[in-house]
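Novice: Here's a structure for you.
The values are calculated or read from the model by the stated rules, or taken from the named source; none is laboratory data. A quick note: this is a predicted structure, and the numbers were derived from the prediction, not measured. Positions of Cβ are backbone-derived with ideal geometry, glycine not excepted, and every protein chain shown enters the neighbour counts. Side chains are part of the model used for accessible areas, which takes the heavy atoms of the whole protein and leaves out ligands, DNA and RNA. Shrake-Rupley method; radii C 1.70, N 1.55, O 1.52, S 1.80 Å.
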Amino acid sequence: MRSFLGLFIGSILFAKVDAEVDWDSIPEGAIVGPGFGKVKRTDFCGVVKDDSLELNEALSGRNLSIAVQYGPGFDFFQYDPSQELSADNPSGMIATLLDDLAERAGFVWRESFVAYDTGSTDILHGTGSGKWDRMLNWTTSNFDLSVDKWFLTTARLESETMFLHSWFDASLVLVDQGDEVEFNWFGFAAPFDFWVWMAILGTVIASAIFMMCIEALENRRQNRSLLSWFGDHIYSSNLAFSQHFLYDYPRTGAGRIFLSTFAFWSLLIVSTYTASLASILVENVLSSSVDSIQGAMDNSLFICIHDGSASDTIVKTLFPTFKNYENVVRASTPTQMYELLSARKCDILIGTRQEYEILQNQEKYGCNLVQAGPEIHSGSASFAIKFDPLSCDSVLAYVLNIHMHALTSDGTLGKYWDTYLSGLPQKCPTEDFWGNVEYNRRLKEIEGGKMEEEIDLSTITERKLKGGG
């Protein structure tokens with residue numbers, strides 16, 4: 001623990017003392033939870049001074065004051081303030097994650113947390129640009145740990161905020177409602193354009209004529225009429241184009257050279273066609289006509305964004321003209337952005353990759369969401385702690401980061417994500433190989449052990465090929 005003593009002594013001259021929470025100034029209902037009116041920041045400097053205490057024991061037995069978001073904007077933490085505290089209240093992925101951290105580090109939190117929602121942020125810090133930065137500063141200044149999907153930015157680091165190991169992919173992407181590709185009777189011709197097909201047709205016809213000339217030199221016309229003779233060679237050339245050679249063995253050098261060349265040409269054409277067709281088939285059936293924010297602005301599209309969030313600030317920094325762009329639709333929560341996009345109130349939205357991967361599979365948002373263009377900005381999000389040498393918060397950040405990293409390394413965090421995603425309501429239907437949605441759903445339920453009684457899957461519905469009768 002001596003390593004922290006130098007930091008404590010060396011930086012104490014520059015420390016600022018944060019006042020305790022003025023609970024009386026907080027409007028009723030803006031902040032809820034068992035810690036309301038009671039908790040304050042913990043002084044961890046006793047850990048620094050205690051040489052007999054191991055670092056991994058620094059949080060043992062302590063009640064951490066935690067501020068956590070709940071409600072529509074953060075469904076990872078399910079909490080009902082009107083109900084008594086229990087194992088299921090609060091619940092959700094973040095509650096499970098905090099329980100795991102508490103068990104590993106030895107602290108408790110369920111009786112010392114406070115919760116806020118999006119409305120609380122508006123009440124305490126107003127609306128518009130920077131409101132979430134102000135909320136971040138308020139929660140970290142007054143509580144030990146701020147639990148949210150706080151986007152790590154340079155400006156926030158400069159404001160004396162420390163971030164834990166990431167649990168949320170906050171990379172920014174454009175999300176669009178994909179345009180469904182309509183059935184095309186001439187889709188088989190898509191690998192080549194019109195003029196390539198014309199060149200192939202000309203080559204097949206010319207090959208038939210060349211072979212007629214070669215057979216004439218070999219006296220192999222066999223009393224056929226000119227039309228019948230030409231028809232035979234058109235047929236043979238057409239099959240040769242598809243790699244089915246029916247030509248008789250040539251008797252002259254010219255015939256052998258020509259047929260060898262024609263066979264190699266056919267091989268190249270068929271290989272190119274097959275590769276191109278496969279590329280088309282593996283493409284997503286949904287597509288977007290927009291591939292960048294600048295392109296969206298150039299086309300005067302309505303763009304949804306999370307009002308006052310870090311993503312809003314980052315986009316304004318990367319695209320200065322976005323500050324004065326008129327067709328911006330500001331949403332109070334990330335899910336509201338997707339609701340507005342689904343309702344066609346905006347043409348495209350800017351959000352995090354993690355939110356996109358979660359919401360694209362929910363039926364309420366249309367099941368047709370696609371990422372438009374490349375990633376806009378790479379980023380991560382996590383919990384936040386105030387850097388305050390007087391309270392020695394670096395001890396808290398160091399210990400929690402050890403366990404957050406361990407959660408990621410041993411796969412526990414991934415399991416928490418799997419549980420969260422599997423519990424989402426109204427999932428988009430998924431099809432099996434035969435296009436049978438119901439069969440696939442029931443099969444997964446049985447494989448996952450969710451259905452106790454055995455079911456004859458053949459009675460659910462008949463497996464039919466797509467387009468079949």
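Novice: So residue 87 ticks every box in (1) modelled with pLDDT under 90; (2) over 20 Å from residue 34 (Cα atoms); (3) surrounded by fewer than 17 Cβ atoms within 10 Å (Cβ to Cβ) but one. Which box is left unticked?
Specialist: So residue 87 meets the others, but not (2).
Novice: So for region 174-190 (the condition being modelled with pLDDT of 85 or more and surrounded by fewer than 16 Cβ atoms within 10 Å (Cβ to Cβ)), does at least one residue qualify?
Specialist: Just the residues of region 174-190 that are modelled with pLDDT of 85 or more, to begin with: 174-177.
Checking which are surrounded by fewer than 16 Cβ atoms within 10 Å (Cβ to Cβ) leaves us with none.
Checked region 174-190: no residue is modelled with pLDDT of 85 or more and surrounded by fewer than 16 Cβ atoms within 10 Å (Cβ to Cβ).
Novice: Right, another one. Within region 81-92, can you find the residues that are part of a loop (DSSP other than H, G, I, E, B) and on the phi < 0 side of the Ramachandran plot? Working first, answer last.
Specialist: Step one: filter region 81-92 for residues part of a loop (DSSP other than H, G, I, E, B), giving 81-85, 87-88, 90, 92.
Residues satisfying the conditions are 81, 82, 83, 84, 85, 87, 88, 90.
Novice: Out of curiosity, is residue 342 touching a residue at least 60 places away in the same chain (Cβ under 8 Å) and either open to solvent by less than 30 Å² (accessible area, probe 1.4 Å) or farther than 30 Å from residue 158 by Cα (or both)?
Specialist: Working: touching a residue at least 60 places away in the same chain (Cβ under 8 Å): yes; either open to solvent by less than 30 Å² (accessible area, probe 1.4 Å) or farther than 30 Å from residue 158 by Cα (or both): yes.
Spelling it out, residue 342 is indeed touching a residue at least 60 places away in the same chain (Cβ under 8 Å) and either open to solvent by less than 30 Å² (accessible area, probe 1.4 Å) or farther than 30 Å from residue 158 by Cα (or both).
Novice: Hey, any hits in region 348-360 for a residue that's within 23 Å of residue 117 (Cα to Cα), open to solvent by 20 Å² or more (accessible area, probe 1.4 Å) and assigned to a strand (DSSP E or B)?
Specialist: no
Novice: If a residue must be modelled with pLDDT of 75 or more, small (Gly, Ala, Ser) and open to solvent by 30 Å² or more (accessible area, probe 1.4 Å), how many such residues does region 1-42 contain?
Specialist: Just the residues of region 1-42 that are modelled with pLDDT of 75 or more, to begin with: 21-42.
Remaining after also requiring small (Gly, Ala, Ser): 25, 29-30, 33, 35, 37.
Next, only the ones that are open to solvent by 30 Å² or more (accessible area, probe 1.4 Å) stay: 25, 29, 37.
Of the residues in region 1-42, 3 are modelled with pLDDT of 75 or more, small (Gly, Ala, Ser) and open to solvent by 30 Å² or more (accessible area, probe 1.4 Å).
Novice: When region 113-129 is examined, which residues are found to be buried (at least 18 other Cβ atoms within 10 Å of the Cβ) and out of contact with any Phe, Trp or Tyr (no Cβ under 9 Å at 6 or more places or on another chain)? Explain how you work it out, then say what you get.
Specialist: Taking region 113-129 as the starting set, the residues that turn out to be buried (at least 18 other Cβ atoms within 10 Å of the Cβ) are 113-118, 120-121, 124-125.
120, the sole residue that qualifies.
Novice: Do you know which of the residues in region 96-112 that are out of contact with any Gly (no Cβ under 7 Å at 6 or more places or on another chain) and either over 21 Å from residue 33 (Cβ atoms) or without any contact (Cβ under 8 Å) to a residue 60 or more places away in the chain (or both) is most open to solvent (accessible area, probe 1.4 Å)?
Specialist: Kept after step one, since they are out of contact with any Gly (no Cβ under 7 Å at 6 or more places or on another chain), are these residues of region 96-112: 96-105, 107-111.
Right, trim to either over 21 Å from residue 33 (Cβ atoms) or without any contact (Cβ under 8 Å) to a residue 60 or more places away in the chain (or both) and you get 98-99, 102-104, 107-109.
On the way: 98: 1, 99: 57, 102: 11, 103: 153, 104: 83, 107: 8, 108: 71, 109: 6 Å².
Top of the filtered list is 103.
Novice: Taking residue 338 as the residue in question, decide whether it is within 24 Å of residue 148 (Cα to Cα), assigned to a helix (DSSP H, G or I), in contact with a helix residue (DSSP H, G or I) (Cβ under 6 Å, 6 or more places away or on another chain) and at pLDDT 90 or above. Before you say what the answer is, go through the steps one by one.
Specialist: Values: within 24 Å of residue 148 (Cα to Cα): yes; assigned to a helix (DSSP H, G or I): yes; in contact with a helix residue (DSSP H, G or I) (Cβ under 6 Å, 6 or more places away or on another chain): yes; at pLDDT 90 or above: yes.
So residue 338 fits the description; yes.
Novice: Return the total of residues in region 55-80 being surrounded by fewer than 17 Cβ atoms within 10 Å (Cβ to Cβ), in contact (Cβ under 8 Å) with a residue 60 or more places away in the chain and not in a loop (DSSP other than H, G, I, E, B).
Specialist: Of the residues in that region, 2 qualify.
Novice: Determine if region 378-388 includes at least one residue that is aliphatic (A, V, I, L, M), modelled with pLDDT under 90, outside any helix (DSSP H, G or I) and under 30 Å from residue 296 (Cβ atoms). Let's see the steps before the verdict.
Specialist: Initial filter on region 378-388 (aliphatic (A, V, I, L, M)): 381, 384-385.
Subsequent filtering for residues that are modelled with pLDDT under 90 retains none.
No, region 378-388 contains no residue that is aliphatic (A, V, I, L, M), modelled with pLDDT under 90, outside any helix (DSSP H, G or I) and under 30 Å from residue 296 (Cβ atoms).
Novice: Let me ask you something else. Suppose we filter 370, 395 for residues that are open to solvent by less than 20 Å² (accessible area, probe 1.4 Å) and outside any helix (DSSP H, G or I); which single one remains?
Specialist: Details: 395 fails: outside any helix (DSSP H, G or I).
Checking each option against the conditions leaves just 370.
Novice: Which one of these is under 18 Å from residue 26 (Cβ atoms) and part of a helix (DSSP H, G or I): 134, 104?
Specialist: On the way: 104 fails: under 18 Å from residue 26 (Cβ atoms).
Of 134, 104, the one residue that is under 18 Å from residue 26 (Cβ atoms) and part of a helix (DSSP H, G or I) is 134.
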